[in-house]
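The values are calculated or read from the model by the stated rules, or taken from the named source; none is laboratory data. Not measured: the values here are computed from a predicted model. Here the Cβ is made from the backbone with ideal geometry for all residues, glycine too, and neighbour counts use every protein chain on show.
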Amino acid sequence: MSSEAVRDPFEAPRAAQGRAPDVFAPGGWVPMREYRDDEAVDFVIVGTGAGGGTLACRLAEKGFSVVALDAGPFFRPLDDFASDETEQTKLYWTDQRIVEGNDWMTMGGKNSGKAVGGSTVHFAMVSLRFRPDWFKARTTLGYGADWPIDWREMWGYYRQAEEALSISGPVSYPWGPKRPRYPYRAHPINAAGMMLAKGCEALGMAWTPTPLATVSAPRGKSPPCVYRGFCRFGCSTNAKQSALVVWIPRAIAAGAEIRDLAMVGRVETNQAGLATGVHYHREDRWRFQRARNVVVAGYAVETPRLLLMSANDLFPDGLANSSGLVGKNLMTQPNQAVFGDVAEEIRWSKAPPSTTITEHWNYDDRKDFHGGYCWMGQGPLPIEWASIQTGSRGLWGDALVREMQNYNHAVGIKMVGEAMPDENNRVTLAEETDRYGLPISHIHYSWTANDRALIDHALDQMEQSMRAAGVKNLFRQEQDANHLGGTARMGDDPRTSVVDADCRAWDIRNLWVCDGSVFPTVGGVNPSLTIQAIALRTADRIEALARRGEL
Amino acid sequence: MTRRFPGYDVLDKRTTLSWNAPTRRAIDRRLAVHPGPRFFSAKEWVTLRALCARIIPQPADRPPVPLAAYVDEKMFLDKTDGYRFAGMLPQGAAWKAALAALDAAARDYHGCRFSELSASDQDALLTRMQKGDLAGPLWQGMPSDLFFSKRVLHDITSAYYAHPTAWSEMGWAGPASPRGFVRLDKDRRDPWEAAEAYPGEEAKAYRENKHVV
């Protein structure tokens, strides 16, 4: 390994001089095409996660010229990733944000990423499809807003995403319309996952091995998962099928340029009201990349922040904001949990955190509130487990130290639930500025009454199931949230949405948004597979529009 | 306190297949923490050390994890968490304000500094902080309960449970790159995981823990 290979990836950009890091080889490089700043590329994409990374790959493969910028570094997992919670906080977006509201959001951790590959570098790999009715939640279920996309079309894109990511999952899935078997066999179930199964069976609920984006057998240069259990802190073996490992290498091979450590501060528009490119900060100076189309893919906080801080004389309220909805309807997902312990040794940090799941309450509508939720097995590492003990039980001192020594016997389950869109939950710009002189985000969040009803129901159900499984000393983690969505929602009416079904801004036809921000509703499952399916669809739509001369 | 994982030291695995080079680098850096203080004043340092000793009491029969040094380092390097509640000061300013306020509260109730109180009086004062019962101009508008949960507990317990000493104490297998694990069922332990000392089996656990490689 050369000393250059282990050079701090934060120090200077790695993707430069015609080459990019080879994520599969220690110290390795792959050739990368480069574009000049003054060369108007077909697409400049801001963000390289589940949305931007996927779209960069597919657009490049379709022959478009693509430059994709990411504010974070370009890691080589084999060189750069430690088995360590603290060290790996380098994967998070830890720049300052102001949070407020009754249920203010904890940022800077699991719900945000700052790296090439975005938060897929540290996501828990749970890869689920929406329940079909959620795409028409308003019409069929009476809440939220309809998506402008039909579920049958999404079913095809889900399948494409599952195949691209080699999802490991069950042969038959217990809920929803028939789907093919998952491409790779399901992973073995760890002791924590078996406790979920036991609890579900005691309550008469179905459960299944979780469809996961980590391979259960070799795939290309990815070796099978070795069950380290550090998935949420970056996969150091490349078993995880993150955007960094799946989409980015494909994008580069197809001729896209990736620019790491490139923070975009402004989207420029001309007198005609069209986007002309982006101002970005790289290597201590501001630069401007010209582009025929701009795609914003920074996730549901950075995307509205960029649109709002790009305000100009023609668009005084920010870009793509004639509806006034940019930054509004922010949704996170309730992520409450029930924990306890058993006499047996569970050692829940072995294997991916969620080897089993139940979507029972996503498909059973006998509830007196809107929306659904699933729950899944858990395996928090020591720092997170300590934060749950201090945060949920207020433990410290000898009581905390004693409880932590019971770690190998702890077990629990955690929900991912559907929060309602509410315009009061929003991202705005603060007075305070960051190191680039850009206004930081101010995030306001409170659960709605419906959210609280859903959370109470889920906590009761999870507690019943854990009790039925024989788990003792149960307690609830009542405040936690994860995943983002909603701040640039898609729709079929420019007055009530920011982008159309193709993720194209109503107001500026060469400006696109491609990430979780476009979700009108978030459903009761983890969002990454849906974000990738939407990006795959968007790439196909762009190709079709270009063919018709409508780009 | 009887040791639940006798003889287990996660650092014994430092050169095994469970620790890759980036992990060794990260943990080496952590163990070489600057002794401090570089951010806090000498006076604040005394109070901070007393506070850390109550949040994580440590046994006398091993070198203590230098908790105050980790808090000092985090503030000195201004390593932020990525968010701040609207009513809170930036983290370093918040710590300085709260340590002054804690000493002032100790003086109000007991007529001496926080570090000079008995452990039980210190705990009583910290319980008041945890309940949000401490207030006054020195807090600069920060709710004391929020400071306690988001700074005191967060910064100190995150430092402790990032330390190999804490991992050994709780019987956690620790770093696992690239080897990972094989035995995933309940009551199954890979030979490179800690063995728990069940009553009557302390010697067996000790023997096994001396062979976690």
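Descriptive notes on the structure:
- Looking only at residues of region A:51-73 that are touching a residue at least 40 places away in the same chain (Cβ under 8 Å) and in a loop (DSSP other than H, G, I, E, B), we find that the one that is surrounded by the fewest Cβ atoms within 10 Å (Cβ to Cβ) is A:Lys62.
- Single condition B:Leu99 does not satisfy, out of (1) more than 30 Å from A:Glu87 (Cβ to Cβ); (2) crowded, with 19+ Cβ neighbours inside 10 Å: (1)
For every residue, the table says whether it meets (1) modelled with pLDDT under 95; (2) out of contact with any helix residue (DSSP H, G or I) (no Cβ under 6 Å at 6 or more places or on another chain); (3) outside any strand (DSSP E or B).
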site: A:Ser216; (1), (2), (3): no, yes, yes
site: A:Cys225; (1), (2), (3): no, yes, yes
site: A:Arg232; (1), (2), (3): no, yes, yes
site: A:Thr237; (1), (2), (3): no, yes, yes
site: A:Leu244; (1), (2), (3): no, no, yes
site: A:Ile252; (1), (2), (3): no, yes, yes
site: A:Leu261; (1), (2), (3): no, yes, yes
site: A:Arg266; (1), (2), (3): no, yes, no
site: A:Gly273; (1), (2), (3): no, yes, yes
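- Checking B:Asp61 against (1) touching a helix residue (DSSP H, G or I) at 6+ places or on another chain (Cβ under 9 Å); (2) in a loop (DSSP other than H, G, I, E, B); (3) away from chain A (no Cβ under 14 Å); (4) of a type outside the set (Val, Ile, Thr), the condition it does not meet: (1)
- Inter-residue pairs, beta-carbon under 6 Å, first farther than 15 Å from B:Tyr83 by Cα and in region A:84-105, second of a type in the set (Phe, Trp, Tyr) and crowded, with 20+ Cβ neighbours inside 10 Å, 6+ apart: A:Glu85/A:Phe233; A:Gln88/A:Phe233
- Region B:35-44 - residue that is surrounded by fewer than 19 Cβ atoms within 10 Å (Cβ to Cβ) and part of a helix (DSSP H, G or I) and, of those, farthest from the other protein chains (Cβ to nearest Cβ): B:Ala42
- Any hit, region A:29-41, residues being out of contact with any Asp or Glu (no Cβ under 7 Å at 6 or more places or on another chain) and among the aromatic types (Phe, Trp, Tyr): no
- Taking first residues from region A:372-391 that are without any contact (Cβ under 8 Å) to a residue 60 or more places away in the chain and partners that are among the hydrophobic types (A, V, I, L, M, F, W, C), the Cβ contacts under 6 Å between residues at least 6 apart in sequence or on separate chains come to A:Gln389/A:Leu395; A:Gln389/A:Leu400; A:Thr390/B:Leu153.
- Neighbours by Cβ (under 6 Å, 6+ apart or cross-chain): first from region A:179-207, within 10 Å of chain B (Cβ to nearest Cβ) and surrounded by 20 or more Cβ atoms within 10 Å (Cβ to Cβ); second small (Gly, Ala, Ser) and outside any helix (DSSP H, G or I): A:His187/A:Ser168; A:His187/A:Ser216; A:Asn190/A:Ala351; A:Ala192/A:Gly377; A:Ala192/A:Gly379; A:Gly193/A:Gly377; A:Met195/A:Ala469
- Filtering A:Arg76, A:Arg19, A:Arg33 for residues that are among the basic types (Lys, Arg), away from chain B (no Cβ under 14 Å) and in contact (Cβ under 8 Å) with a residue 60 or more places away in the chain leaves a single hit, A:Arg33.
- With respect to being within 11 Å of chain A (Cβ to nearest Cβ), among the basic types (Lys, Arg) and under 30 Å from B:Arg24 (Cβ atoms), B:Arg207 falls outside the description.
- Residue satisfying condition, being more than 14 Å from every other protein chain (Cβ to nearest Cβ), over 30 Å from A:Ser349 (Cα atoms) and hydrophobic (A, V, I, L, M, F, W, C), within set B:Ala119, B:Ala124, B:Ala100: B:Ala100
- Those residues of region B:167-213 which are part of a helix (DSSP H, G or I) and under 18 Å from B:Leu31 (Cα atoms), in sequence order: B:Trp167, B:Ser168, B:Glu169
- Each residue in region B:79-97 was checked for being more than 10 Å from chain A (Cβ to nearest Cβ) and either among the small types (Gly, Ala, Ser) or on the phi > 0 side of the Ramachandran plot (or both), and 4 pass.
- Residues within region B:130-166 that are part of a loop (DSSP other than H, G, I, E, B) and either out of contact with any helix residue (DSSP H, G or I) (no Cβ under 8 Å at 6 or more places or on another chain) or at the interface with chain A (Cβ under 10 Å from one of its Cβ atoms) (or both), tallied: 6
- Members of region B:193-207 found to be farther than 16 Å from B:Gly174 by Cβ and either of a type outside the set (Gly, Ala, Ser) or touching a residue at least 24 places away in the same chain (Cβ under 8 Å) (or both), listed by number: B:Ala197, B:Tyr198, B:Pro199, B:Glu201, B:Glu202, B:Lys204, B:Ala205, B:Tyr206, B:Arg207
- Candidates A:Gly169, A:Gly156, A:Gly113: the one that is over 30 Å from B:Ala21 (Cα atoms), buried (at least 24 other Cβ atoms within 10 Å of the Cβ) and not charged (D, E, K, R) is A:Gly169.
- Exclusive hit being under 30 Å from B:Arg84 (Cα atoms) and crowded, with 21+ Cβ neighbours inside 10 Å, set B:Phe148, B:Phe181: B:Phe148
- Just one of the numbered conditions (1) touching a residue at least 60 places away in the same chain (Cβ under 8 Å); (2) closer than 30 Å to B:Val10 by Cβ; (3) surrounded by fewer than 18 Cβ atoms within 10 Å (Cβ to Cβ) is not true of B:Leu153: (3).
Residue-wise test of (1) part of a loop (DSSP other than H, G, I, E, B); (2) at pLDDT below 95; (3) within 22 Å of the chain's Cα centre (by Cα).
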{"residue": "A:Glu153", "(1), (2), (3)": "no, no, yes"}
{"residue": "A:Arg159", "(1), (2), (3)": "no, no, yes"}
{"residue": "A:Val171", "(1), (2), (3)": "yes, no, no"}
{"residue": "A:Gly176", "(1), (2), (3)": "yes, no, no"}
{"residue": "A:Arg181", "(1), (2), (3)": "yes, no, no"}
{"residue": "A:Pro188", "(1), (2), (3)": "yes, no, no"}
{"residue": "A:Gly193", "(1), (2), (3)": "no, no, no"}
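- Enumerated strands (runs of 3 or more DSSP E) restricted to region A:344-460, each holding at least 2 residues that are surrounded by fewer than 24 Cβ atoms within 10 Å (Cβ to Cβ), more than 9 Å from chain B (Cβ to nearest Cβ) and of a type in the set (D, E, K, R): A:426-433
- Residues in region B:4-20 that are part of a helix (DSSP H, G or I) and either at the interface with chain A (Cβ under 8 Å from one of its Cβ atoms) or of a type in the set (Ser, Thr, Tyr) (or both): 0 in all.
- Residues located in region A:80-119, provided they are more than 7 Å from chain B (Cβ to nearest Cβ) and outside any loop (DSSP other than H, G, I, E, B): A:Gln88, A:Thr89, A:Lys90, A:Leu91, A:Gly118, A:Ser119
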